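A.B. asks: To start, I am sharing the structure in question, which I have written as structure tokens.
The values are calculated or read from the model by the stated rules, or taken from the named source; none is laboratory data. Just so you know, these numbers come straight off a predicted model, no measurement behind them. FYI the Cβ positions are ideal-geometry reconstructions off the backbone, even for glycines, and counts take in every protein chain you see. Quick note on the areas: whole protein, heavy atoms, side chains included, nothing else; ligands and nucleic acids left out. Shrake-Rupley method; radii C 1.70, N 1.55, O 1.52, S 1.80 Å.
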There are 2 protein chains.
Amino acid sequence: MDQDTATLRRFNRTYTQRIGALDESFLGTGRPLGVTRLLFEIGYDGATVRELRDRLDLDSGYLTRLLRRLGDDGLVDVHPDPADRRRRVATLTPAGRNAWRDLDDRSEELARAIVGPLTTRQRERLTEALSTADLLVRAATVHLREVSPTDPVAREAVGRYFAELGRRFPRGFDPGEPDHAGTFLLATSDGEPVAFGGVQHLSDETGEIKRMWVADDWRGAGLGARMLRELEALAARLGHTRVVLDTNGTLLEAIAMYDRAGYTAIERYNDNPYAEHWFAKELTAPR
Amino acid sequence: MDQDTATLRRFNRTYTQRIGALDESFLGTGRPLGVTRLLFEIGYDGATVRELRDRLDLDSGYLTRLLRRLGDDGLVDVHPDPADRRRRVATLTPAGRNAWRDLDDRSEELARAIVGPLTTRQRERLTEALSTADLLVRAATVHLREVSPTDPVAREAVGRYFAELGRRFPRGFDPGEPDHAGTFLLATSDGEPVAFGGVQHLSDETGEIKRMWVADDWRGAGLGARMLRELEALAARLGHTRVVLDTNGTLLEAIAMYDRAGYTAIERYNDNPYAEHWFAKELTAPR
DNA sequence: TCCATTCTCTGACCATAGTCAGAGGATCGG
DNA sequence: CCGATCCTCTGACTATGGTCAGAGAATGGA
């Protein structure tokens, strides 16, 4: 662990010193950094002022002024959102699009300047290392929280889960009546749901882990194992001493993961028509 | 190449969003960022004002004011350097050391928060990826320049080169009379010499590559191959159409590198008592 | 219909970061 | 010992980034 933080901190030093320059592509455009970042964030498709405030975490007064500055320079139009006339939408003018492309070019150029001196082989190694680091850093900083099953993002996660079951089960999958019983955890990254799962009360002793799902492009990042640990911890907090779960035979990776996590196969404990395997694990007090 | 810059840029986004927080450990100490960075940079051992100005690239007036602020807070003492009384030296007071340790702790804590949610296996992968990326990013951003052989940093590089030959040759190595003929390239990283080499005029046609050296901890980063390429380009600029070099049998990696770079073995062309192998390469016009 | 809330904007304000010109003492080379 | 240069400091100034309180229009729920 000390080794790991030392490497991270060392890398951080190298990185800010040497590649921090990538962000300085935002400088030297004759416009201050804040304004430029805003321009870049508005992007080709435009965005509501509200979104911008959230994404860049800016004070509303401050943002208004930044937007006006971009407006005065003829780069951005701000007009009311027809759907909700309290809201305003910022879009790039043609000149704004040019400025945006210019920023994008600068950034690309700087990236080339960094990658350029390397041999092909080294570039490949760097790209591979950065992809790995990217995935893991994103996995490590995923935001996990308890949600109500009616939370819109949670609904979307459940929808994707059911859709996947539909694709993977030979005879499809019918979710039946919506069932909102239980306590749920949602993992998000940049606001997108990336993992989901819940614990349902079966008895005082036993909780059932259900609807565990990890987004396609996040598999292999250990997110499933982490979600499982968190769900077990949640079950323990809810007073259970044992968790059970069921799964279908087509979900091979899931079965392998339960196995690694210390689950043991048990007899059928429910009448779920899609279930083919049942597992249980005793919860011991953490540490 | 596009793939590589795309990965770099994507990583940069992830990184600034998620780990940029590491630098924010410098915030929330009740002191502004600039002052805090300065405090950290002074470090346990103190530093001259001159050094600080160079390292942080600050205006001298601005730096004076930052230092006074730290002085007023009782964290730093500034007193004239006895060796050169124009210069002033900044050192941390006991309170300053506490503040410094506090910063270090915060930074460590943040690194732990990032690395913490990962499994041991993932941490290992991340650490490995970041080490690789660190090495390659540093290699890619090494600063290469032509130097006079009497340049102090160049002298140091040559000293280390001779020291290594002394260690590696079975009967040691005697550099003999200092010989400053030739044109030299020096690669530095953070001001430290990391690679060195020169081209000496043998005839109008032929240049000799000599004193090529790469620092221990930079081997395997492709720096040798890059230096060799740069020296060949230098020889071409100097008007040569062919380069030769000699080497000792104990320098196995070097020999392998010359081989990969397209050098072919030739007959002894000099009376260097330490040389056991001689190589040559025809220079074709670049591109 | 009314009240609470949401969204954006305005004005007033402040700290931080940074630039520039020049003063004055210390040092160095000839 | 003189002039050039180096190093630091001072004063005057500017831009950037940001906070806060509140106004006013639009919306949504009871």
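A.B. asks: So, B:Leu185, is that one under 28 Å from B:Ser131 (Cβ atoms), hydrophobic (A, V, I, L, M, F, W, C) and modelled with pLDDT of 85 or more or not?
C.D. replies: It is true that B:Leu185 is under 28 Å from B:Ser131 (Cβ atoms), hydrophobic (A, V, I, L, M, F, W, C) and modelled with pLDDT of 85 or more.
A.B. asks: Now a separate question. Every residue in region A:36-50 that is open to solvent by 20 Å² or more (accessible area, probe 1.4 Å) and either touching a Gly at 6+ places or on another chain (Cβ under 9 Å) or near DNA strand C (Cβ under 8 Å from one of its atoms) (or both), please.
C.D. replies: A:Thr48, A:Val49, A:Arg50
A.B. asks: Within region A:249-264, does at least one residue satisfy the condition of being of a type in the set (Phe, Trp, Tyr) and over 22 Å from A:Phe162 (Cβ atoms)? Steps first, please.
C.D. replies: First, the residues of region A:249-264 that are of a type in the set (Phe, Trp, Tyr): A:258, A:263.
If we keep only those that are over 22 Å from A:Phe162 (Cβ atoms) as well, we get A:263.
Scanning region A:249-264, I find at least one residue that is of a type in the set (Phe, Trp, Tyr) and over 22 Å from A:Phe162 (Cβ atoms), so the answer is yes.
A.B. asks: Output the residues belonging to region B:125-153 that are of a type in the set (Asp, Glu) and assigned to a helix (DSSP H, G or I).
C.D. replies: Matches in region B:125-153: B:Glu128, B:Asp134.
A.B. asks: What single numbered condition from (1) away from every other protein chain (no Cβ under 11 Å); (2) touching a residue at least 12 places away in the same chain (Cβ under 8 Å); (3) touching a strand residue (DSSP E or B) at 6+ places or on another chain (Cβ under 9 Å) fails to hold for A:Gly34?
C.D. replies: (3)
A.B. asks: Here's something else I'd like to know. Within the set of pairs 6+ apart or on separate chains, which have a first residue in region B:75-95 that is away from every other protein chain (no Cβ under 14 Å), a second that is of a type in the set (Ser, Thr, Tyr) and within 11 Å of DNA strand D (Cβ to nearest atom), and C-beta atoms under 7 Å apart?
C.D. replies: Within 7 Å, the pairs are B:Asp81/B:Thr48; B:Arg87/B:Thr48; B:Arg88/B:Thr48; B:Val89/B:Thr48.
A.B. asks: Among the residues of region A:64-88, which ones are within 9 Å of DNA strand C (Cβ to nearest atom), part of a strand (DSSP E or B) and under 15 Å from A:Gly43 (Cα atoms)?
C.D. replies: Passing the criteria: only A:Val78.
A.B. asks: Between a first residue in region A:44-68 that is under 18 Å from A:Trp100 (Cβ atoms) and within 14 Å of another protein chain (Cβ to nearest Cβ) and a second residue that is more than 9 Å from DNA strand C (Cβ to nearest atom) and in a helix (DSSP H, G or I), which pairs have beta carbons less than 8 Å apart while being 6 or more apart in sequence or on different chains?
C.D. replies: A:Arg55/A:Glu41; A:Leu56/A:Arg37; A:Leu56/A:Leu38; A:Leu56/A:Glu41
A.B. asks: Go through region A:105-116 and report how many residues are in contact (Cβ under 8 Å) with a residue 60 or more places away in the chain and within 7 Å of another protein chain (Cβ to nearest Cβ).
C.D. replies: 3
A.B. asks: State whether the residues of region A:228-250 include one that is open to solvent by 30 Å² or more (accessible area, probe 1.4 Å), modelled with pLDDT under 85 and either in contact with a Phe, Trp or Tyr (Cβ under 9 Å, 6 or more places away or on another chain) or not assigned by TED's automatic domain parsing to the domain that holds A:Val158 (or both).
C.D. replies: The answer is yes, given that some residue of region A:228-250 is open to solvent by 30 Å² or more (accessible area, probe 1.4 Å), modelled with pLDDT under 85 and either in contact with a Phe, Trp or Tyr (Cβ under 9 Å, 6 or more places away or on another chain) or not assigned by TED's automatic domain parsing to the domain that holds A:Val158 (or both).
A.B. asks: I've got another one for you. With A:Glu156, A:Glu177 as the choices, which residue is open to solvent by 10 Å² or more (accessible area, probe 1.4 Å) and either part of a helix (DSSP H, G or I) or at pLDDT 70 or above (or both)?
C.D. replies: A:Glu156
A.B. asks: Can you tell me which residue within region B:117-134, out of those that are more than 7 Å from chain A (Cβ to nearest Cβ) and at pLDDT below 85, is most open to solvent (accessible area, probe 1.4 Å)?
C.D. replies: It comes out as B:Arg121.
A.B. asks: Quick one: in region A:51-91, which of the residues that are among the acidic types (Asp, Glu) and more than 10 Å from DNA strand D (Cβ to nearest atom) is most open to solvent (accessible area, probe 1.4 Å)?
C.D. replies: Within region A:51-91, the match that is most open to solvent (accessible area, probe 1.4 Å) is A:Asp72.
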